[in-house]
Structure formats: structure tokens, C-alpha cells
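Structure record follows, encoded as C-alpha cells.
The values are calculated or read from the model by the stated rules, or taken from the named source; none is laboratory data. Remember, it's a predicted structure, so these values are computed and weren't measured experimentally. Quick reminder, even Gly has a Cβ in these numbers, built from the backbone with ideal geometry, and neighbours come from all protein chains shown.
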Amino acid sequence: MQAFRKSSRKSKVGRNVPKRPQSLPKRAMLEYDGCVMEPFRVLEHTADIGFEAFAATREGVFVNAARALMHLIVDLESIAPRGSVPMRVQGADRPSLLVNWLSEILFLHDAEGWLFRDYEVRLRQETSLAAVARGEKFDPARHQAKLLVKAITYHQLALEQTPEGWRAQVYVDI
């Protein structure tokens, strides 16, 4: 991976955050539910960056969307599941629930310095979920920031069932 340009921007957790990198890995392979699959893919956009998340279930696509979001922020492999945070999230509809879920994760990162790697998601209804996120607080000695994600957007937002399972597409403001 190419070196990042230095930036004077600081996030709310007080670390220097690099500007948009020249390139991010576009694909990641993870073992999920006993099989190796592509859980998410990074999507390039002129002003923002996004990702597609894939899974066999709707709960799984929420998990993989959260992993994709964290992948944009820091290397997932550098995060140890040392602590857990319970969450309850609601939305007006399925896509809004996805945006609110990712926004809650981003809030916990910005406000409290959390980095998450593992998630347990239980959809309670069509528009609400309960989850436990596992990870640790940002440690500048062990975690190198990739991007400063400012917000989850509704731009080209998609959450749909496909013949292979579920697919989500999300763009974030950087």
C-alpha cells in the first residue's frame, strides 16, 4: 500500500488522520460461517468512497457492512476483540436501519475511540436490531488510520435480496 499524505485534520479522538489514500484494497476475503467468501468490496467514487457488502442473510449483510466501514477506517486485522458494546438501533425502513446502524458504529468510533471487528446482529423487526460489537479503543501505537469517515450517506444506498443472498451498497462522506 502506498504511503499516505500527511494531513493537519484531527478527528475527535485526537489523532492525525491521513487524507484519502492513493488506493485502498478493493476486495477482502474473510471466513464467515465456515466458508471463505467476499464479505465486502470497496467502491471508488469521485468525491466519496463506498462499499458493497454481501451475505447469505440480512443479519450477515449488516455484519459485513459494519466490517467494510471499519476496513475503510483501519486495518481489521489490527483490531483485537477486547471489549464489547451492546447496541439497539431503529430505522424508518430497512435502508434507514442500515444507515442508522453504520452511523451508530461511526459515532462510537468518533466520540469514544472504538474500533470494532466482530459483531452479533439480531434483527428484532423489519426496522430494528439489537447487536453486540466487539473490539477495542484506538491505540496509535497499534492502529494506523486509513480514512476519516465523516458520515454515512443515502447516496446510491441499496439493501436488497438477491438470488445469492443479500447485498448492501453504501457510500460514506470522507
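Structural remarks
- Enumeration of residues in the stretch 47-72 that are more than 22 Å from GLU126 (Cβ to Cβ) and not in a helix (DSSP H, G or I): ALA47, ASP48, ILE49, GLY50, PHE51
- Test: residue in the stretch 86-99 that is within 14 Å of ARG134 (Cα to Cα) and either touching a residue at least 40 places away in the same chain (Cβ under 8 Å) or part of a helix (DSSP H, G or I) (or both): yes
Yes or no, residue by residue, for (1) at pLDDT 95 or above; (2) within 17 Å of the chain's Cα centre (by Cα); (3) within 13 Å of ARG167 (Cα to Cα):
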| position | (1), (2), (3) |
| --- | --- |
| LYS12 | no, no, no |
| LEU24 | no, yes, no |
| GLU38 | no, yes, yes |
| ALA47 | no, no, no |
| ALA65 | yes, yes, yes |
| MET70 | yes, yes, no |
| VAL74 | yes, yes, no |
| SER78 | yes, yes, no |
| GLN90 | yes, no, no |
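- Condition met for ARG134 (in contact (Cβ under 8 Å) with a residue 12 or more places away in the chain, more than 15 Å from the chain's Cα centre (by Cα) and not in a helix (DSSP H, G or I)): no
- Of residues in the stretch 138-174 being in contact with a helix residue (DSSP H, G or I) (Cβ under 7 Å, 6 or more places away or on another chain) and farther than 20 Å from GLY50 by Cα, the one surrounded by the fewest Cβ atoms within 10 Å (Cβ to Cβ): ARG142
- Every residue from the stretch 113-131 that is without any contact (Cβ under 8 Å) to a residue 60 or more places away in the chain and not hydrophobic (A, V, I, L, M, F, W, C): ARG117, ASP118, TYR119, GLU120, ARG124, GLN125, GLU126, THR127, SER128
- Sole residue being small (Gly, Ala, Ser) and over 20 Å from ASP75 (Cβ atoms), chosen from ALA133, ALA158, ALA141: ALA158
- Against the conditions (1) of a type in the set (Ser, Thr, Tyr); (2) assigned to a helix (DSSP H, G or I); (3) more than 24 Å from PRO81 (Cβ to Cβ), SER103 satisfies every one except (3).
- Members of the stretch 111-133 that are surrounded by fewer than 17 Cβ atoms within 10 Å (Cβ to Cβ) and either at pLDDT 95 or above or of a type in the set (Asp, Glu) (or both): ALA111, GLU112, ASP118, GLU120, ARG122, LEU123, GLU126, THR127, SER128, ALA130, VAL132
- Among (1) in a strand (DSSP E or B); (2) β-branched (Val, Ile, Thr); (3) closer than 14 Å to VAL63 by Cα, the one test that VAL172 misses: (3)
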